[in-house]
Amino acid sequence: VLGATVLLCMADVLHAFAIEEKGDVFNRMACPAFLVFVNTAYLAGMTFELPCNCKPKEVSSVVWYFQKNMGSPKTTVLTDFSGNVIVDSSRIRTGSDILKRFSIRMFSLIVFQAQETDSGHYLCGTKKGDFFYGYDVDVQPIKNMRVAFIDRDQHVQDDSTEKLFSFFTTFWDWTRCDRCGVRGEQRRIGLCYVQSTKLHPRYQTAVPNVTSCGSKAVPAHLRRPGHLRRPEIAIRSCLTPCLKKEVPKEGVQAISNLISKLGAKPWLPRVPTQFHKQPVGSGLVITCPGARPEHAVAWDKESVRLYRSRYLIGVNKSMRIFIDHGNHLHIQRVQVNDEGTYFCWLEGKMVAGLRLSVSFQRRRWRTFDDPETIYAVKVIGLSYLVICGLFIVIHVCRSC
């Protein structure tokens, strides 16, 4: 017991030391005398983190502010004034307001499932209105992205150069191969950037005179051409071996082989599998657990590989089953032949499965206390009263 107590005390000391060391980072970095905005760009659907890189030593909690434009009177406060907002990212709905999609941890602001409307200025400060650090966040649209399949000799967009500015695409690193042991695919996300000497000097960029296309540093008359250049994704094939699994001991392996020969189910499924029943004719969206838009995600229907070169959204206008740019699998107008097990790969490893069964909707008789029946009776009754009223008014007017 004494040893366990000592270990717990040591763990508390190390945790406190880690927090103190984290705090020293802020104390060592001096805040700028003139507030500038650090430019950063993301793709819609991503989760981004904005650290408050500097603050006075006496400040124990920070408040984050969001402004759509510089000097705008409308400012959104992203805190509960205690600096400890915690959000369960797994319960966030797509399209919800930013006030329901943020969290503050160790003075850093985390925004989940970013949207285009989240673009703007983010300021780290106090509830009195003192600002320490600022960001210029550009969330670029994921809709109508340009796709280039390298295996088909398709190329990314060329740079466009004008008199006062030039637009180009900055690509991230290739993702990991989304499958192992079989042919997989890699993606490379590219965001739109602009180079110009007319950028606003109050915005700080990693490269001089270069910023993202949706940045507020770009003058208003230059932003419109930038929106014509869409973000893009490059896709290519890949092949990577699977990691070797630990071989069980001889006795366990022999028992396992015996059970398999007897036709019994194995002790554990290959991946966690969820069972789902979907009515025929409805729509279904399947999400890979723990996946984000920037991750390498792949989908299989049992032994059939759903490659993006065939199933990516936009490849064919008449697609009923497709994968969107956020790595979700869509099945529109579910049919009986859609039944089966759909497997999800995450970062080159199969992680989950969904056993889909399709059911037919049975007709049911509605009762008088059904909400839809009550609503229909109200609408029909109101319409009847309006028609009767018009009929009486018309005849009275004709008589007069």
Practice task
Output the residues belonging to the stretch 175-205 that are touching a residue at least 40 places away in the same chain (Cβ under 8 Å) and either touching a helix residue (DSSP H, G or I) at 6+ places or on another chain (Cβ under 7 Å) or open to solvent by 70 Å² or more (accessible area, probe 1.4 Å) (or both).
Solution key: ARG176, ARG183, GLU185, ARG188, CYS192, GLN204
Completion exercise
Counted residues in the stretch 162-205 being touching a Ser or Thr at 6+ places or on another chain (Cβ under 9 Å), outside any loop (DSSP other than H, G, I, E, B) and closer than 21 Å to GLY45 by Cα come to 10
Exercise for the section: For LYS55, indicate whether it is open to solvent by less than 30 Å² (accessible area, probe 1.4 Å), over 30 Å from TRP172 (Cα atoms) and modelled with pLDDT of 50 or more. Expected result: yes
Handout entry: Among residues of the stretch 89-119, those that are buried (at least 20 other Cβ atoms within 10 Å of the Cβ) and either in a strand (DSSP E or B) or modelled with pLDDT under 80 (or both), counted
Key = 4
Practice task
Using the structure shown, decide if GLN140 is closer than 30 Å to THR75 by Cβ and among the polar types (S, T, N, Q).
Solution key: yes
Fill in the blank from the handout: A careful count of residues in the stretch 306-324 that are in a loop (DSSP other than H, G, I, E, B), under 22 Å from the mean Cα position of the chain (by Cα) and over 17 Å from ASP178 (Cα atoms) gives 3
Handout entry: Which numbered condition PRO208 fails, given (1) part of a loop (DSSP other than H, G, I, E, B); (2) at pLDDT below 85
Key = (2)
Exercise for the section: Run VAL85 past the list (1) assigned to a loop (DSSP other than H, G, I, E, B); (2) modelled with pLDDT of 75 or more; (3) touching a Phe, Trp or Tyr at 6+ places or on another chain (Cβ under 9 Å); (4) open to solvent by 10 Å² or more (accessible area, probe 1.4 Å) and report the number of the one that doesn't hold. Expected result: (2)
Handout entry: Qualifying positions in the stretch 150-172 - open to solvent by 100 Å² or more (accessible area, probe 1.4 Å) and closer than 25 Å to ASP300 by Cβ
Key = ARG152
Practice task
Take the stretch 126-147 and flag every residue that is part of a loop (DSSP other than H, G, I, E, B) and within 19 Å of the chain's Cα centre (by Cα).
Solution key: PRO141, ILE142, LYS143, ASN144, MET145
Exercise for the section: Taking only the stretch 120-149 into account, find how many residues are more than 30 Å from CYS31 (Cα to Cα) and either among the small types (Gly, Ala, Ser) or surrounded by fewer than 21 Cβ atoms within 10 Å (Cβ to Cβ) (or both). Expected result: 8
Completion exercise
Cβ pairs under 9 Å, 6+ apart or interchain, first in the stretch 287-314 and hydroxyl-bearing (Ser, Thr, Tyr), second open to solvent by 70 Å² or more (accessible area, probe 1.4 Å) and assigned to a helix (DSSP H, G or I), ordered by first then second residue, are SER309/ASP151; SER309/ARG152
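The values are calculated or read from the model by the stated rules, or taken from the named source; none is laboratory data. Just so it is clear, the model here is predicted, and its values are computed rather than measured. So basically every Cβ, Gly included, is an ideal-geometry build from the backbone, and we count neighbours across all protein chains shown. Each accessible area value is taken on the protein alone, full model and side chains, heavy atoms only, with ligands, DNA and RNA left out. Shrake-Rupley method; radii C 1.70, N 1.55, O 1.52, S 1.80 Å.
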